Amino acid sequence: MRYHNTYVKLDTRLYHRQAPTPLDNPRAGHFNNQLAQQLGWADDSDLMARWVDIIGGHYVPAEFAPLSMAYAGHQFGQWAGQLGDGRGLLMAQVIDNNDQLQDLHLKGSGLTPYSRMGDGRAVLRSTIREYLCGHALTQLGISSSNALGFVVSDTPVRRERMEAGAAMMRVADSHIRLGHVEWIASFAPDLLGEFTDYMIDTYYPECRESETPVLAFLQLVVERTARMIADWQLIGFAHGVMNTDNLSITGSTLDFGPFGFMERFNPAWINNHSDHTGRYAYQNQPAIGHWNLNTWLPHFMRLTQSGVTRDSLADCLAVYEPTFMQHYQQGLCRKLGLPHQSASLTLAFEFLTLLEDNLLDYTNSFRALLGLVAANEHPYEQQLLETMTSELSSEAQEVWQEWSTRYLACIQQQTHLSNEQTIESLRTNNLVYVLRNSMAQHAIDAAEQGQFEEVARLFELLASPYEVQTIATALDSRPPTPNAPQLPISCSS
Ligand code: AMP
Ligand code: MG
């Protein structure tokens, strides 16, 4: 691997150098061979042979430079003070085969100075959920962390019940969170200039060309965050805990805990059981992204030489909403296989209302449009369409008939796209499989009995989520019955 450990060269107040605390008897859960190739990990026989020891905390290769990072954050809208890596370590930074800097971060690695009341560990169930979700989003082309592999162990970890300790090697383009800057502003303000330079030089070097690099950098953070959240909305992803310590400065999805994928469409859906007020409900995510950035940006006003003023920050943040809207609306039109124009958007919002009014499955209903537009070549989608319409009341049937007639007419009349392009757009923008909570739970139940085949099957399924696959089971595309109680999924575990 091409090591490029630069964080460890920053001021020592920003981190604590330490090794992981080994887990008892670590055993392989799953390993991501494709990512190992990309990282250059696969070219090193020592790393390949000893990956379980490395993730289990028993072996730290000489080139690694493990450390826990200090950061702070706003949690559920309140200033939470110092947080930091309480159960994870930045193990190494490497340049991958795409010349992209990647962090290797071991999550579940034991106590650090930032553990506060926690035990420094992660349990198997949350590790599997994060492992599969990072993979799923990455395969969808959504900016996200991913993971190289995970292990399970005999180390007991107490949650509501006793569970098995696990660890995962997370891979992300950065582990710098909005909360890093919040920590610096509170605890080491003299470091803000140096740290901002590091963020720009490492992650946004193109901003050096600007007359005001800091503003150019902040502008890109705002835009990337808006685009990431638009991507989430389009696939029905709810992050669940969008605290400022869980948002990356690169606009990559980070820290999967109480996340979920939309099943029966309900914009007010809250996946996180600990989120009593619904702050992080699906429909609030775009506004929360804005709130987080609005809380974060003013710290840079301390950099008086950088051209950052209250007005320039306001201009910077003003780009958030149009960036989000454009990305979201374009994506929504692509999901209908229509050009980006107001008539397409009207149809899209009517379709969403139909889904909401009838509690229809988000993923399956969009995919069912292929069964409407090109039934003969798409038997799976034709079946989805039948299931969908069978769930409609007779009144809703009429609404659906009227809508689908107008939709098909719109496809015929518009000249921007050929029929083949419409079908291709439907096929490549509407998923067949998302990681439903029930699917993850099924894999977790087996893994807790020592069986990891189901994790491996889901990993394979989610590698090609736009293809109907023979390895799929009925559970993989079945939403819960309407109004069924949700599986309880809550914050850190
Ligand atoms: P999260 O809700 O996972 O984003 O975590 C919020 C903060 O709590 C971060 O500083 C984590 O490092 C810390 N944390 C979460 N779980 C644990 C744990 N089991 N032990 C120590 N720190 C933890
Ligand atoms: Mg976190």
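The values are calculated or read from the model by the stated rules, or taken from the named source; none is laboratory data. In this text the structure is predicted, and so the values were computed from the model without any measurement. FYI the Cβ positions are ideal-geometry reconstructions off the backbone, even for glycines, and counts take in every protein chain you see. In case anyone asks, the SASA skips ligands and DNA or RNA and just uses the protein heavy atoms, side chains included. Shrake-Rupley method; radii C 1.70, N 1.55, O 1.52, S 1.80 Å.
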Q | Among (1) within 16 Å of ligand 2 (Cβ to nearest atom); (2) under 23 Å from residue 224 (Cα atoms), the one test that residue 79 misses | A | (2)
Q. Looking at 369, 352, 345, which is the one that is open to solvent by less than 10 Å² (accessible area, probe 1.4 Å) and under 27 Å from the mean Cα position of the chain (by Cα)?
A. 369
Q | Verdict on residue 177 being open to solvent by 10 Å² or more (accessible area, probe 1.4 Å) and among the basic types (Lys, Arg) | A | no
Q. Looking at segment 103-146, which of the residues that are farther than 24 Å from residue 72 by Cα and among the aliphatic types (A, V, I, L, M) is nearest to ligand 1 (Cβ to nearest atom)?
A. 124
Q: Identify, from the list 170, 158, the residue that is more than 16 Å from ligand 2 (Cβ to nearest atom), modelled with pLDDT of 95 or more and of a type outside the set (Phe, Trp, Tyr).
A: 158
Q | Qualifying positions in segment 289-309 - farther than 13 Å from residue 218 by Cβ and surrounded by fewer than 14 Cβ atoms within 10 Å (Cβ to Cβ) | A | 304, 305
(Q) So the check is Cβ under 8 Å with 6+ separation or different chains; which pairs have a first residue in segment 1-26 that's closer than 25 Å to residue 185 by Cβ and touching a residue at least 24 places away in the same chain (Cβ under 8 Å) and a second one that's of a type in the set (D, E, K, R) and open to solvent by 30 Å² or more (accessible area, probe 1.4 Å)? (A) 8/17; 10/194; 11/194
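Does residue 60 satisfy the condition of being in contact (Cβ under 8 Å) with a residue 60 or more places away in the chain, open to solvent by less than 60 Å² (accessible area, probe 1.4 Å) and over 30 Å from residue 299 (Cα atoms)?
No.
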Q. Among the numbered criteria (1) at positive phi; (2) at pLDDT below 95, which single criterion is violated by residue 116?
A. (2)
**Q.** Residue count for segment 266-286, restricted to those that are in contact with a helix residue (DSSP H, G or I) (Cβ under 6 Å, 6 or more places away or on another chain) and either within 16 Å of ligand 1 (Cβ to nearest atom) or open to solvent by less than 10 Å² (accessible area, probe 1.4 Å) (or both)
**A.** 1
Q | Any pair with Cβ under 7 angstrom, 6 or more apart, that starts in segment 310-324 at a residue that is in contact (Cβ under 8 Å) with a residue 60 or more places away in the chain and ends at one that is open to solvent by 60 Å² or more (accessible area, probe 1.4 Å) and basic (Lys, Arg) | A | 323/227
Q. Is at least one residue of segment 266-288 within 16 Å of ligand 2 (Cβ to nearest atom) and assigned to a helix (DSSP H, G or I)?
A. yes
**Q.** Residue, nearest to residue 44 (Cα to Cα), within segment 57-80, restricted to residues that are touching a Pro at 6+ places or on another chain (Cβ under 8 Å) and away from ligand 1 (no atom under 11 Å from the Cβ)
**A.** 60
Q: Take the residues in segment 123-149 that are of a type in the set (Gly, Ala, Ser) and not in a strand (DSSP E or B), then tell me which one is most open to solvent (accessible area, probe 1.4 Å).
A: 141
Q | Residues of segment 96-109 classified as buried (at least 24 other Cβ atoms within 10 Å of the Cβ) and either under 16 Å from residue 70 (Cα atoms) or over 19 Å from the mean Cα position of the chain (by Cα) (or both), total | A | 4
Q. Is it true that residue 83 is touching a helix residue (DSSP H, G or I) at 6+ places or on another chain (Cβ under 7 Å), open to solvent by less than 10 Å² (accessible area, probe 1.4 Å) and within 14 Å of ligand 1 (Cβ to nearest atom)?
A. yes
